[in-house]
2 protein chains.
Amino acid sequence: MSETNRQGAAAEIIFSGDELLRGDTLNTNQAYLGQRLLDLGIFATHALCVADDLQAMVRAIRASLERHPVILVLSGGLGPTDDDLTREAVEEALGRPLEHREDLFELIRARFVSRGMVMGDSNRKQASIPQGATAIPLTGTAPGFHLQQGDTLVVALPGVPWELQQMWEDTVEPLLRARPEGARAAQTVRRIRTFGIGESTLAETLSEFDWHAPAVTIGTRAHLDGVTVILRGPSAAGGGGGLEAVETRIRAILGERVYSLNDESLAEVVGKLLRRIGCTVAVAESCTGGLVGKRITDMPGSSEYFLGGVTAYDNRIKTEVLGVPADVLAVRGAVSMELAAAMAEGVCRLTGADCALSTTGVAGPGGGSDDKPVGLVYIGSVVKSVTSVERLHFPGQREHIRERAAFAALDLLRRRLLQQPPA
Amino acid sequence: MSETNRQGAAAEIIFSGDELLRGDTLNTNQAYLGQRLLDLGIFATHALCVADDLQAMVRAIRASLERHPVILVLSGGLGPTDDDLTREAVEEALGRPLEHREDLFELIRARFVSRGMVMGDSNRKQASIPQGATAIPLTGTAPGFHLQQGDTLVVALPGVPWELQQMWEDTVEPLLRARPEGARAAQTVRRIRTFGIGESTLAETLSEFDWHAPAVTIGTRAHLDGVTVILRGPSAAGGGGGLEAVETRIRAILGERVYSLNDESLAEVVGKLLRRIGCTVAVAESCTGGLVGKRITDMPGSSEYFLGGVTAYDNRIKTEVLGVPADVLAVRGAVSMELAAAMAEGVCRLTGADCALSTTGVAGPGGGSDDKPVGLVYIGSVVKSVTSVERLHFPGQREHIRERAAFAALDLLRRRLLQQPPA
């Protein structure tokens, strides 16, 4: 089971921008481009951030081209300032003089006019692109361009993530798919999102099978909201086998651990189930401090099923607002199975919700003991008057424990709702 | 006003790991290292991600050394698997044979034993480091190392962020500070965190002044929790002028917009103020869905001042649990100044807290109207029986609006608490 198939075509990426090298900006473009390239069967072998320095950029471009990648992506450096040097670097590295394109100039000017802004003199240089290059239509105010240099498609895109993404999807991907090596390499990708199995256990489970599909690579990727199984390979396109057969078998093996096949979040899946069953939900939170409610309301339209909740950090809120019996609190303690149950039941009574979730635990770093260590969390749920509680233990720091606990609560509700008949 | 001073010493960084190139992992180590280097007056001129491929790594190391950086950081590739090739790449690139270090082997084994784990055969190779290198004490199970190669300090660190960070701070920074070029280049850094002024307004405000400090660079960096002003330059070290003088003047200009000088978060600052004044706080949230409570409880020990809260998404929770008068709700609507006030007052009554925060607004994407557009948020506060409400409008998407609203609520409480006498 290999995660990466580096046998296919190779890409290189050069990012320009001192802000990346200073650490002021996280390079999210790299993750985006890496994933999108891989979806086309192209592996990025080198990704370089280089300072806004003309000669350093020229050398980097030349070094990349010597390795003959299928595509060289240049990200950033297309703005109007003196630090924006990608055009000049391509001119010098490839010996292609910059040419002013009046049509491009008019497009940029029109963009300024439509925004009620005045175009500065410095924007004029954005209308110049290297000889033989094709301009990529504006998404913001910086035009991109592409050109063929020997074996390599050279693409220059703005560094602003949404501008880069739009040009990638509208222009660059179609170009790559139209090329013979792109068409050859193009793969189907499936992402199977799971919750409740660790990454190593999942990888081990999957490695025990013979998939009879040598062209399919199976990878895993761990997040706070579970582990995603990523399948890449040829589609069976109607026939048997291929990616689809592997996906079907993995779904059968993992069962209800699988929560989505199309990148839906846990909150989204829970929301759809609540809508389908026709139930409302409320939350009673202690250690998560409001995070479960926040996650549920991440979804637009969640007011259709989410009534609200009580964050009961202080024990008096647990008894006086949620109606948790004081003797249960005194005997069992705030972090206990009984409390989680009483909190979930209490918020149902208070709000009239059909379903409820509760959390109580030791988020740390202080407050742990031998029998109630940091990371211990009880998650309670009520679904149509039936209460159930799970005891969990999360490793790591306060932030990690709280995030994991909130996702675990959503997943508990998801699994319980799966057992309900539709409304 | 320039953000980057590239006149000082240069660093290079090579990251190994297919997961970075596939886009499965965001390269947070790059941002971390870029910032920490700059704090020492060293600018990273090249940061390269290279595939887990021995020859590609060897070529990358050699190319870096030809540019004679003060430091070359190698991140990742120190684990026990066949993909972990940093040791071998250094061996080949520098012609320094790997040597087994029995003392290192025992340290790694002891780490496994203390965790109740059995050390695998594959871990044995982690005890080998290149000839002439010094091992960096374990933070996880992968030892790092450093060596001097010509002008360049070569440092190999594990890719796991917290392991890398601990080795950097405990070992590499002291090494760099002890070197003549490190001592020469070392700069003082000050970060002034502000809330309530946009980045461009702030930059414009600061550009109007003559700081009489040519060696000091002033940069700004926008986040959801405000704009940070970053000063880098020589310390006055007791005398007049220098960084400190600039910092003092900026603080005077920005006044109560400044919330911290030492990277404290808004939640941390609010927590300290509540402790100093001896007040408790509760929250009543609508559009933020629990996020204000979550932010407050991000702080360990927040149970000392945070009692809890009510998330009143459904209007019935607003009236029945928080006691908001139904006629106010009917006449003014859920998104109104009166509602924000009544929610904050209601949660004070319910919980007995001394202070309260409330949020109600239109987070979108639906639900907006001409007089109550998406992005409109009212933030209410009670401090010792005095209520005040602010009306704000945030641009952007649902997630952005909610995050900004939660931070704005914390900032409102901060400004109000500043006016209170200590307990």
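Label-point separation (nm) for A:Val331 and B:Arg276, each offset 7 Å from Cα along Cα-to-Cβ?
4.6
Could you put B:Thr288, B:Thr141 in order, starting from the residue whose Cβ has the fewest other Cβ atoms within 10 Å?
Least crowded to most crowded, the residues run B:Thr141, B:Thr288.
Just to confirm my numbers, what's the Cα centroid distance between the stretch B:352-423 and the stretch A:300-330 in Å?
Cα centres, the stretch B:352-423 to the stretch A:300-330: 22 Å.
Which order do the peptides A:314-324, B:211-221 come out in when sorted by mean C-beta neighbours inside 10 angstrom, highest first?
Top of the packing list down: A:314-324, B:211-221.
For each of A:Ser16, B:Ser200, A:Ser128, count neighbouring Cβ atoms within 10 Å of the residue's Cβ, then give the residues from fewest to most.
Least to most surrounded, the residues fall as B:Ser200, A:Ser128, A:Ser16.
For every other residue with a beta carbon closer than 12 angstrom to the beta carbon of B:Arg402, add +1 if it is Lys or Arg and -1 if Asp or Glu, then tell me the sum.
+2
Per 0.36 nm of contour for each residue apart, how much would the distance between B:Arg177 and B:Ala222 grow if the chain were fully extended, relative to their Cα-Cα spacing?
This chain segment gains 13.2 nm when fully extended.
Summing Lys, Arg as +1 and Asp, Glu as -1, what charge do residues with Cβ under 12 Å from the Cβ of A:Met167 carry, A:Met167 excluded?
-3
Helix-only estimate, please: 222 nm mean residue ellipticity of the protein assembly as shown, summing -39500 (n - 2.57) across DSSP H runs of length 4 or more and dividing by its residues, to the nearest 500.
Rounded to the nearest 500, the figure is -11000 deg cm²/dmol.
So for B:Glu244, B:Glu169, fewest C-beta neighbours within 10 Å to most, what's the order?
Lowest count first: B:Glu169, B:Glu244.
Which trypsin sites (Lys or Arg not before Pro) in the stretch A:108-145 sit in a loop by DSSP (not H, G, I, E or B) and have at most 13 other Cβ atoms within 10 Å of their own Cβ?
A:Arg115
Which order, highest average first, do B:289-296, A:45-52 follow once you tally other Cβ atoms within 10 Å for each residue and take the mean per peptide?
Top of the packing list down: B:289-296, A:45-52.
Determine, from the Cβ-Cβ distance of A:Ile253 and A:Gln35 and an R0 of 30 Å, the FRET efficiency 1/(1 + (r/R0)^6), rounded to the nearest 0.05.
0.75
Lysine pairs in chain B with alpha-carbon atoms under 20 Å apart, 8 or more places apart or on different chains: how many are there?
4
What FRET efficiency, computed as 1/(1 + (r/R0)^6) with R0 = 35 Å and r the Cβ-Cβ distance, is obtained for A:Glu102 and B:Glu204, rounded to the nearest 0.05?
0.55
Sum up the charges of everything whose Cβ sits under 10 Å from the Cβ of A:Phe145, counting Lys and Arg as +1 and Asp and Glu as -1, but leave A:Phe145 out.
Once positives and negatives cancel, what remains is +2.
Identify, for chain B, the residue whose C-beta comes nearest the rotation axis onto chain A, and round that distance to whole Å.
Closest to the rotation axis on chain B: B:Gly290, 1.
How shielded is B:40-53 by partner chains, expressed as the average number of their Cβ atoms within 10 Å of its Cβ atoms?
Whole-number average of other-chain Cβ neighbours for B:40-53 is 5.
Using the beta-carbon distance between A:Leu418 and B:His212 and R0 = 60 Å, what value does 1/(1 + (r/R0)^6) give for FRET efficiency, to the nearest 0.05?
Computed FRET efficiency for A:Leu418 and B:His212 comes out at 0.30.
Between A:Leu54 and A:Glu66, how many nm apart are label points set 7 Å from Cα along the C-beta direction?
Label at A:Leu54, label at A:Glu66, 2.2 nm between them.
Say a label goes 7 Å from Cα toward Cβ at B:His223 in every copy; what distances in nm does this one have to the rest, shortest first?
Result for B:His223, in nm, nearest copy first: 2.2.
Figure the gain on full extension for A:Ser114 and A:Asp170 (residue separation times 0.36 nm, minus the Cα-Cα span) and round it to one decimal in nm.
Result: 18.0 nm gained on full extension.
How much length is gained if the chain between B:Ser385 and B:Asp82 is pulled fully straight, taking 0.36 nm per residue apart and subtracting their Cα-Cα distance, in nm to one decimal?
Working it through step by step, the gained length comes to 102.6 nm.
No value in this document is a laboratory result; all are computed from the given coordinates. None of these values were measured; they are calculated from a predicted model. Virtual Cβ from ideal backbone geometry, glycine too; neighbours counted across all protein chains shown.
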